[in-house]
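Shown next, in structure tokens, is the structure this report addresses.
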Amino acid sequence: MLDGIMDDYLRRIEADRPHRADLAGLRHLMERHILSVPFENLDYHLGEDIFMDERVLEKIVRRKRGGGCYEVNPALAFLLTSLGYELDILPGWVHRPDGLGPFLGHLALRVRADSQDWLVDVGFGRNSRFPLNLASREVQHDPHGDYQLHDAGEGAVDVYLGGKPLYRVADRPVQIADFAPTLWWYRTSPDSSFLQGLFCSIRTPDGLVTLKGNSQISMVAGAERSKHTLEGESEALEAYEKFFGIHLDRLPDRPAGGVTAGVRTD
């Protein structure tokens, strides 16, 4: 399955196949992924299963959808591995107003390229467009802002954007299956941010487009900002297709009814 879908994956994100597994190729693939694949949680409100294993490729590649960190980062990991990159799955915590969220609440990638380790994350919403050098503690300038890594003890690293903490990643590689209990929590808990809010966003070369709650769309293009309230179901469905390339038969409007671990156990 994986061999046959990777060419389609590259076409999906309009990316060239790297000649070698180097940093230049990694930067190109990460940028194309971020500009092509939305960060969204629609399936949490459509009652659809959430997969983290290779089945996620059907959603990302064939159905031209997006997802959260548990989906888009594993999907990118499958692509990078098929192209010869060495990588690890890293667990993390999300910084929240009341402190750190649960361990394994975020999933990111550590990718080896040009004899250095790089933090690659296409599933956070405020992530960088290009890989971040995990060895550097200097400010790393990016089209999405100024990022900086801070040591947090025991090998963990805090990721800052514009001086504010986003999330923490641990230097202890895990398997995708380790995230299954936390995915279950995100899909069932009333405190889950993925169930409390409905969102879909995508980066553009000079900005960001975000649709919240099927009704409020905001656009950033350089220094210009605008907001628009969508009127009715048909206009919302058109917006999903126009801005994100997502075709829906109905609007996402309810929490998921089923629960899935999202990984194969057979």
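The values are calculated or read from the model by the stated rules, or taken from the named source; none is laboratory data. In this text the structure is predicted, and so the values were computed from the model without any measurement. Neighbour counts run over all protein chains shown; Cβ positions are idealised from the backbone, glycine included. When the accessible area is computed, the model is the full protein with side chains, heavy atoms only, and any ligands, DNA or RNA have been set aside. Shrake-Rupley method; radii C 1.70, N 1.55, O 1.52, S 1.80 Å.
The set of residues from the range 56-72 being open to solvent by 20 Å² or more (accessible area, probe 1.4 Å) and either within 21 Å of HIS106 (Cβ to Cβ) or not basic (Lys, Arg) (or both) comprises just one member, GLU58.
Restricting to the range 153-200, count the residues that are basic (Lys, Arg) and in a helix (DSSP H, G or I). Working first, answer last.
Of the range 153-200, the ones basic (Lys, Arg) are 164, 168, 172, 187.
Remaining after also requiring in a helix (DSSP H, G or I): 187.
Going through the range 153-200 one residue at a time, the tally reaches 1.
Residues in the range 1-18 that are of a type outside the set (Lys, Arg), at pLDDT 95 or above and surrounded by fewer than 17 Cβ atoms within 10 Å (Cβ to Cβ): ASP7, ASP8, GLU14, ASP16.
Could you tell me whether ALA236 is surrounded by 14 or more Cβ atoms within 10 Å (Cβ to Cβ), more than 18 Å from the chain's Cα centre (by Cα) and assigned to a helix (DSSP H, G or I)? Taking the combined requirement at face value, the residue satisfies it.
For the range 20-47, a residue qualifies if it is assigned to a loop (DSSP other than H, G, I, E, B) and of a type in the set (Gly, Ala, Ser), and the qualifying residues are ALA21, SER36, GLY47. Quick one: in the range 171-193, which of the residues that are open to solvent by less than 30 Å² (accessible area, probe 1.4 Å) and of a type in the set (Phe, Trp, Tyr) is modelled with the lowest pLDDT? Checked the range 171-193; the qualifying residue modelled with the lowest pLDDT is TYR186.
Of the residues making up the range 90-132, those that are open to solvent by less than 30 Å² (accessible area, probe 1.4 Å), in a loop (DSSP other than H, G, I, E, B) and free of Cβ contacts under 8 Å to residues at least 40 places away in the same chain are GLY101, SER128.
Restrict the check to the range 138-157 and report whether at least one residue is touching a helix residue (DSSP H, G or I) at 6+ places or on another chain (Cβ under 9 Å) and of a type outside the set (Gly, Ala, Ser). Within the range 138-157, one or more residues are touching a helix residue (DSSP H, G or I) at 6+ places or on another chain (Cβ under 9 Å) and of a type outside the set (Gly, Ala, Ser).
The residues on offer are ASP142, ASP151, ASP114, ASP178, and the sole one that is within 20 Å of MET52 (Cα to Cα) and of a type in the set (Asp, Glu) is ASP178. Per this entry, ASP266 is counted among residues that are among the acidic types (Asp, Glu) and modelled with pLDDT under 95.
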